[in-house]
Every structure is written in structure tokens, then in C-alpha cells.
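The values are calculated or read from the model by the stated rules, or taken from the named source; none is laboratory data. No experiment lies behind these values; they were computed from the predicted model shown. Counting neighbours? That spans all protein chains shown, and the Cβs are built from the backbone with ideal geometry, glycine included. These area figures cover heavy atoms from the full protein model, side chains too; ligands, DNA and RNA do not enter into them. Shrake-Rupley method; radii C 1.70, N 1.55, O 1.52, S 1.80 Å.
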Amino acid sequence: MLEELSKPPDLRLGFVAMLGVTNIGFRPFGKQPYVVTGAAGFIGAATSEALLRAGQRVVGVDNFSSYYDPALKRARVNRLSRHPEFELVEQSIADLKATIDLFCARRPEVVIHLAAQPGVAHSTTNPLAYVQSNIVGTMNVFEGCRLAEVQHLVYASSSSVYGAGSRLPFATNDPAGHPISVYAATKRSNELMAHSYSHLFGLPTTGLRFFTVYGPWGRPDMAYYKFALKIAQREPITIYGDGAQRRDFTYVDDIVEAILEVARQPPGCDGSVNQTGSDAPYRLSNVGSGQQVTVNRLVELLEESIGVSAARRHEPARPADLTATQADVSGLRATIGFAPSTPVEVGVKEFSKWFLQYHR
């Protein structure tokens, strides 16, 4: 079925010929690798490491963008490079020909697409970077998957897609029609694009809506990491709003376990209607703890684990930030029999332990 649906002759041959791609149809023998885009990123590196520990081959793709310190990304990849089954491909998913060439040469059965331009606040000042990476780049990944006949595409979405007017806890069958940031709009666009490819070409896709991921080797642009830096340096921290905002914080190890379990179970092509009301091989799942923690409580936990009290100053709440998030994870639990459960008290201690060692 996939072979019939994923090869419209007029588009496939004309478009590929225009790009100069010559390796369509080549499928190497042996164990197929996983392709992980954004492999130098926070979640991408952790996912790649877990796959390698499980005995899988991993082709990691990353362009080492300068949105935050590339040295941290290099340090993550250096850990991965100790594994003989890891291959790093340094290129951008925004390069269409390079992306299709890579996918058609490696012929992965599963692609885990985590590359993106992250950050809600940054998207208000530099929206075009989000269009280029999250929309153009993701479309290129979809095309690569279609042409390489990938059996399952797992891609990162975000809790930000729920936007204004969403009720708590957020459920995957909620409309998600009013994103309040450009970042959220691009992630919702990814979900709609995925459905189109699932419906038209039979490409099995699973979108994972991550809820505020934190932990060791995390992203320095995120609030918890910024707080930790300021606290350790004994500088005042800035809280936007009164600190009563509630977040569903999700520990990175739980995120990785969910990704790997979901990747093994692609949505079927049996014609049954899924939770989104579609009969395409398409699935959306929340990946969160289902619990809420206030920003003020998060700061208290960081103070305890770092051993320094923080001076706080407050700024007006930012219009692109949601006031509260909470995941309904019943769909994830039904699909893979697992949902994140690491208490934030445990996760913050593990992050702080790594943070103090990494920054000395």
C-alpha cells in the first residue's frame, strides 16, 4: 500500500529530476538506521543515546545553529560519537536536496524528527526563522520520508499549540485553532501537514505534543535553566508575571521513553477512525506528566538543590505565554502503556547535579 500511495509518477519523477537526486529506489541491505533530526539538541541527543544503548544504528542530523551556545550541542554530540553505530551528518533540513539525498541513501524505516527553531518568546521578534526551520524544513523532511518510503515518522509538536481558550487538561481532540505565538502556529502547521501526507501517501505519522521538557543537558534558553544560572551566580532572576503560572514539567528521560515506545508502534492503515476523527495512519499524543507546578515552586526547588537563595524581580507577563498547561495523557497511556511520572522534585535535583558539574 505504501509503495502505491507514495509514488505519484508525475510528481515523483519530475520533482526528483529537477533536484538532481539519483539514488531513488536504492535500498541497502542490513539493519536500517534510525534517522534523528536535531540530534545535537536537548531531546535529540537524549533520544539518540537511548537508541544507541538499545543496539540501534543512528544517523544524527543537525546544523548546529547559533540560537544558543553551539558548544553545548558539540558536547552532546561528542558523547554520541563514542558509539560506533552513530553517524553525524552536519546539514540543515531547510536544504531540500540534501535532505532528500540523505533519506534516500540511508533508507531508514523510522525517522524521529526533532529539529526545529524552538522558543516562544524569540518567535515574536524573529518569526521568519521559525517559518524557515519549522515549516520549510519540516516539509522537506516529509518529502524525504515519502520518497524514501519511511515506515513511520515521529515528529515533535508542542503543548503551545493549544493556545487561547483551551480547557484543562489539554486533550488531543481539542480544536487547537487559536495559537498565540508564531512558534505555536508553526507547530500546529506541522500537524496539519503531517495529516495531509498520511492521507495522501499513506505515510504513518505520529506527532508528540511535548510539555515543558527539562533535565540534564537541557536548553539554556528555557526559564528553568536561566533561573539556575542566575541563582548560581547570585544574580536576581526575572519572573514574568506573579509566578503563579502553572506548567506541566516533563522530565527528559520520560520524554525519551515515550518517543522510543511510540516509534515502535506506527498508526495503522486499517481505515479505522482515530482520536482526531481521521481514517489516515495519523496520530497525535500529549507527552506530559499530567501534573502542574507553579513557576514560584520551580524556583524554590532550584534554590534548594543549588543551595543558594534567589533575589526575584517581576516583569509584566508576556502575551505569547500560556498561563497554565496540563496534559491529558490518557491517549498516550492507551497507545504504549506508559506516561511520564518522574516527580519534579526528583527531576530538578538531577538537572541541578548535572548543571553544577557542567558549569563547575
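Some notes on this structure:
- Three-way shape call for the stretch 118-187 based on the alpha-carbon gyration tensor, with the a/c threshold at 1.5: oblate
- When peptides 323-336, 234-247 are sorted by average Cβ neighbour count within 10 Å, with the highest value leading, the order is 323-336, 234-247.
- Cα shape, the stretch 269-360, gyration tensor, a/c 1.5 rule: prolate
- As a calculated quantity, the FRET efficiency between residue 296 and residue 64 at R0 = 35 Å, using C-beta atoms, amounts to about 0.50.
- Tilt relative to the chain, helix 70-80 - C-alpha long axis, 0 to 90 degrees, to 10: 60 degrees
- For residue 53, neighbours were defined as the other residues whose beta-carbon sits under 13 Å from its Cβ, and their charges (Lys and Arg +1, Asp and Glu -1) total -1.
- Residues 285, 92, ordered by accessible area of protein heavy atoms at a 1.4 angstrom probe radius and largest first, appear as 92, 285.
- Cβ-based charge dipole, the stretch 132-217, positive-most Cα from 182, 194, 144: 182
- In the chain, the longest principal axis of the Cα atoms and the axis of helix 42-53 are about 60 degrees apart.
- Residue 199-residue 253 pseudo-label distance in nm [points 7 Å out on the Cα-to-Cβ vector]: 4.1 nm
- In a reduced charge model with +1 at each Lys and Arg Cβ and -1 at each Asp and Glu Cβ, the chain shows a dipole moment near 620 debye about its Cα centre.
- Using alpha-carbon coordinates, inclination of helix 182-201 to the longest axis of the chain, degrees: 30 degrees
- Label of the coordinate-derived value, Cα Rg over 2.2 N^0.38 Å, listed as (i) 1.07; (ii) 0.98; (iii) 1.64: (ii)
- Rounded percent of accessible protein surface that carbon and sulfur make up, the chain, 1.4 Å probe: 52 percent
- In this simple spin-label approximation, residue 359 and residue 128 carry label points 7 Å from Cα along the Cα→Cβ vector, and these lie 3.3 nm apart.
- Annotation for the stretch 78-150: trypsin sites (Lys or Arg not before Pro) lying in DSSP loop with at most 10 further Cβ atoms inside 10 Å of their Cβ are 82.
- Estimated FRET transfer efficiency when R0 is 45 angstrom, pair residue 311-residue 164 (beta carbons, to 0.05): 0.85
- For the stretch 120-251, the gyration tensor built on C-alpha atoms gives a prolate shape. Its axis ratio a/c (a ≥ b ≥ c) is at least 1.5, and a/b is the larger of a/b and b/c.
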